[in-house]
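Below is one structure, written out as structure tokens; the observations come after it.
The values are calculated or read from the model by the stated rules, or taken from the named source; none is laboratory data. Predicted model, so just to flag it, every value in this text is computed and none were measured. As a convention, Cβ positions derive from the backbone with ideal geometry for all residues, glycine included, and neighbour counts pool all protein chains shown. These area figures cover heavy atoms from the full protein model, side chains too; ligands, DNA and RNA do not enter into them. Shrake-Rupley method; radii C 1.70, N 1.55, O 1.52, S 1.80 Å.
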Amino acid sequence: MNSDTALKIEGGRRTLGLQRSEPPLVTVITVVFRACAELEKILHNIFEHDSTDFELIVIDGGSQDGTVDMLCEWNDRIEYWVSEPDKGIFDAMNKAQSFARGHFLLHINAGDKLLLLPREELKQAFRDRIDVVTFPVTVDGTRVFRPSCGPMLRLKNTLHHQGTFYRRETFLPYDLSYPMLADFDLNQRLALRGAKMRAYDKVVAWHASGGAGDSIDGYAEHTRIMLTNYGRLHLYASIALSEWKGIKSRRKAAFLRWLAKYRGKSSGKAQS
């Protein structure tokens, strides 16, 4: 999210003198760059929900594609928005933290949909001083990512970004040296600091998969994060786990191919 211009434009309810008297339960954070059409979908989606318990902060990286005009149209509903150059998505997310007032932070970006705001679970978690509250997420409409808060987080990212609510008071900045997997690093660092985590069963968001995390650079970042946070033995265990999952996936694919071929033969025999 970079731009050639240094122009800063801001707006939203706060700039209109419409600040909330009490912090909301959730701050929904949306970061965009040159994605005006996607932003419009996000705004319509988020404000389909009762906004009593949440505020929306939008950070734009200085787009010149109509994004600012779109934000101005929603000026009286978005709590605060700013459009200016930044150093990428995680820099924008860090910036958003300084404007957030909600008890919990949730990230909803391009390709995401908020399906449910789990108010009662979050209120209970806030009373119990839980730092990370995580929920399942539908991925591409074909599968459900179910999070876990146990020791497996030492080997892989078991929390889905779009389904995880972070307590603002104990949240940490994203490390910008990880431009693709800073959320994984953040989750591990929170665990190392003893953050209290709790997982629920309700699906709260829809997410479109794909991204740079699956590239060679993404694997390199994963390795560096593992070495920094948990060391070489956990890295080896993480690689072994990934290889085992790959073997299982290939075996499953081979079995499904065999089953389809077998059924085809059986169907041909039955017809003859």
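Working ranking of peptides 51-63, 19-31, 141-153 by packing, defined as the average number of other Cβ atoms within 10 Å per residue, highest first, is 51-63, 19-31, 141-153.
Each Cα pair of region 98-245 feeds into the Kirkwood radius, which the Stokes-Einstein equation turns, at 20 °C and 1.002 mPa s, into a diffusion coefficient of 134 µm²/s. The rule of thumb for compact globular proteins, 2.2 N^0.38 Å, goes into the C-alpha radius of gyration of region 6-94 1.03 times.
Sorted from longest to shortest, the spans of the Cα atoms of region 22-73 along the three principal axes equal 34, 19, 15 Å. The share of accessible area on region 75-189 that comes from carbon and sulfur is 51 percent, using a 1.4 angstrom probe. Taking a Cβ cut-off of under 15 Å around VAL133, the surrounding Lys, Arg, Asp and Glu residues balance to a net charge of +3, with basic ones at +1 and acidic ones at -1. With 28 Å as the limit on Cα-Cα distance, the pairs of LYS87/LYS123; LYS41/LYS156; LYS87/LYS113 that go past it are LYS87/LYS123; LYS41/LYS156.
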